[in-house]
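**Student:** Structure provided below as structure tokens; questions to follow.
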């Protein structure tokens, strides 16, 4: 069967299942019924020192439903339920459980489906090129070969690389359909593949230094060659030899793209509609105000072809759209689904995400700090004294106050050059001050993950080390 025919057959089967779930819930008294059906497969192969350690493959199919029962002027009573039983008996039991749970729940004046006029049509859903049959067709032997090649390249890059935490190649393929009693029908299909190589080297005093490098894309052709990943993993690991602490001080901090990405994730969680209406974010009531440096523009773009977080429609059926979240340092919006929008007296930003259980909440898609024109090398060269961060440890962030403190490692910068590796230090500040303190934004954006950032420099943070 051709890929087109296979896609059409899968789409029809998932829609049919969704129609039956919605009909069953409506027949039991649900005023609103929304079904999500997911199916897919996952393969992961790990090798260590050339020998296979794990080959794991699994397939799954799940059905989730969200139902709402109207309770006069009090609003809707809402419940979600989930099952992996797609038989007629399983569907009936799923619908019964969901409706019964809804009737036992408290009514919520803010609950309800999106307005029918806001729902998108299938004809409006653009093809974002998210599925690659080559990824879908990777078997265990091929995955092991990629992992072995990557690890072998790391071990062969330098005689000092004598150990490894292993190399892992993974691929995932999945499809999802959403059907609602409001008339929405949406289908999506996608793939994702990745390779991670993690070598280990011996340092003085019996210490072990570990590092890693990785590549990930929706399409097979976009992955870096195994050898490139392995050699870069070895280079990054060897660069950590001789790592030491530095004195406690205030200094500039440069975040490489992986480290900067984690900061961007903290911002994303702080502007989620749920965090805002619960008042559990330091960015409550900050729309229209400066929350970052004028160099900072952050976009959430679900319409990027082959993007890791791309989608044609959101979890409630609204048509996806590009949202400018922060523009030249000014916060323009929060991420809102229908519920959080009603709680805040605003409109949905088409940011709803629907999990496999049927539950809905706001989320990001491709959340990207827009790149600047300065290369990462130029950022380092222009830094007189500071820390270049490659890794952070711990979860020291208070979303209510914005206070930030995490363990870090990387390299010390002196006179515009990386002079020696640094470990066992802590960097701290406040996320509000950190974002406002960004004075350089790099040009090295690489969209390997759904939250992505280029290299950035923050003018000053507190570094706690020795002394």
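The values are calculated or read from the model by the stated rules, or taken from the named source; none is laboratory data. These figures come from a predicted structure and were not determined experimentally. Positions of Cβ are backbone-derived with ideal geometry, glycine not excepted, and every protein chain shown enters the neighbour counts.
**Student:** Can you tell me which of 22, 36, 32 is within 14 Å of residue 175 (Cβ to Cβ), modelled with pLDDT of 95 or more and touching a strand residue (DSSP E or B) at 6+ places or on another chain (Cβ under 7 Å)?
**Tutor:** 36
**Student:** Among the candidates 274, 265, single out the residue that is under 20 Å from residue 371 (Cβ atoms), surrounded by fewer than 22 Cβ atoms within 10 Å (Cβ to Cβ) and either assigned by TED's automatic domain parsing to the domain that holds residue 342 or modelled with pLDDT of 95 or more (or both).
**Tutor:** 265
**Student:** If only one of 94, 54, 49, 43 is surrounded by 18 or more Cβ atoms within 10 Å (Cβ to Cβ), within 27 Å of residue 143 (Cβ to Cβ) and either out of contact with any helix residue (DSSP H, G or I) (no Cβ under 6 Å at 6 or more places or on another chain) or at pLDDT 95 or above (or both), which one is it?
**Tutor:** Sole residue among the options that is surrounded by 18 or more Cβ atoms within 10 Å (Cβ to Cβ), within 27 Å of residue 143 (Cβ to Cβ) and either out of contact with any helix residue (DSSP H, G or I) (no Cβ under 6 Å at 6 or more places or on another chain) or at pLDDT 95 or above (or both): 43.
**Student:** Which of the residues that make up segment 64-83 are on the phi < 0 side of the Ramachandran plot and free of Cβ contacts under 8 Å to residues at least 40 places away in the same chain?
**Tutor:** 70, 71, 73, 74, 77, 78, 79, 83 - these are the residues of segment 64-83 that are on the phi < 0 side of the Ramachandran plot and free of Cβ contacts under 8 Å to residues at least 40 places away in the same chain.
**Student:** Something else: Here are the criteria: (1) touching a helix residue (DSSP H, G or I) at 6+ places or on another chain (Cβ under 7 Å); (2) assigned to a helix (DSSP H, G or I). Tell me which single one residue 142 does not satisfy.
**Tutor:** Status for residue 142: all satisfied but (1).
**Student:** Output yes when any residue across segment 246-257 is within 15 Å of the chain's Cα centre (by Cα) and modelled with pLDDT of 95 or more, and no when none is.
**Tutor:** Yes: segment 246-257 contains one or more residues that are within 15 Å of the chain's Cα centre (by Cα) and modelled with pLDDT of 95 or more.
**Student:** Now, a different point. Report yes if residue 40 is under 25 Å from the mean Cα position of the chain (by Cα), touching a residue at least 12 places away in the same chain (Cβ under 8 Å) and closer than 21 Å to residue 135 by Cβ, otherwise no.
**Tutor:** Against the criterion (under 25 Å from the mean Cα position of the chain (by Cα), touching a residue at least 12 places away in the same chain (Cβ under 8 Å) and closer than 21 Å to residue 135 by Cβ), residue 40 qualifies.
**Student:** Quick check on my filter: what residues within segment 402-457 are part of a loop (DSSP other than H, G, I, E, B), under 24 Å from residue 239 (Cα atoms) and modelled with pLDDT of 95 or more?
**Tutor:** Selection gives 415, 416, 443, 444, 445, 453, 454, 455.
**Student:** For segment 155-254, please list each of the strands (runs of 3 or more DSSP E) lying entirely inside it that holds at least 3 residues being touching a residue at least 40 places away in the same chain (Cβ under 8 Å) and not assigned by TED's automatic domain parsing to the domain that holds residue 314.
**Tutor:** Qualifying strands (runs of 3 or more DSSP E): 161-180, 185-202, 213-217.
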